[in-house]
Amino acid sequence: QVHLVESGGGLVQPGGSLRLSCAASGSIFSMNAMDWHRQAPGKQRELVAAISRGGSTDYADSVKGRFTISRDNAKNTMYLQMNSLKPEDTAVYYCRGVGSMFDYWGQGTQVTVSS
């Protein structure tokens with residue numbers, strides 16, 4: 001069983017930056033992949049960025065060039081560096097670990113981009 005806890009959300013002005021962290025209670029090295037999703041009010045949850053066990057990354061078109069996903073296996077932590085934030089990035093951000101049999105989700109952290 002792996003528990004994931006997100007942190008780093010908050011209120012930021014347009015154009016600002018935030019770094020989200022996803023800390024795992026167990027080893028993330030065993031995860032096939034890890035990713036970040038977000039859900040804005042009234043919208044479906046969407047995939048934002050993903051990173052494979054080998055370190056390959058993929059991003060939603062809406063965040064390419066602005067967000068960077070990374071993982072530190074030694075610290076059992078995944079990160080999402082978010083730059084040049086826009087009001088449309090406002091959402092609850094969730095991290096997910098894709099295991100061999102189960103997916104594991106964190107509880108989410110709120111990101112609000114507003115002046």
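Per residue, how large is the accessible surface of the chain? Use a 1.4 angstrom probe and give square angstrom.
52 Å²
Can you tell me which lysines have their Cα less than 21 Å from the Cα of K64? Leave out same-chain residues fewer than eight positions away.
Straight-distance partners of K64: K43, K86.
Just to confirm a number: summing +1 for Lys and Arg and -1 for Asp and Glu over residues other than V2 whose beta-carbon lies under 15 angstrom from that of V2, what do you get?
+1
Measure off, as a whole percent, the carbon and sulfur share of the 1.4 Å-probe accessible area of the chain, all protein chains present.
Working: 2930 of 6010 Å².
The computed percentage sits at 49.
By its C-alpha gyration tensor, with a ≥ b ≥ c as the square roots of the eigenvalues, how is the stretch 36-92 shaped: rounded for a/c under 1.5, else prolate for a/b larger than b/c, else oblate?
prolate
Between S30, S21, S52, where does the largest GNM mean-square fluctuation fall for the chain, given springs only between Cα atoms within less than 10 Å?
Of the options given, S30 has the highest mean-square fluctuation.
The values are calculated or read from the model by the stated rules, or taken from the named source; none is laboratory data. As the structure is a computational prediction, the values presented were derived from the model and not from experiment. Positions of Cβ are backbone-derived with ideal geometry, glycine not excepted, and every protein chain shown enters the neighbour counts. Note: areas computed on protein heavy atoms with side chains; ligands, DNA, RNA excluded. Shrake-Rupley method; radii C 1.70, N 1.55, O 1.52, S 1.80 Å.
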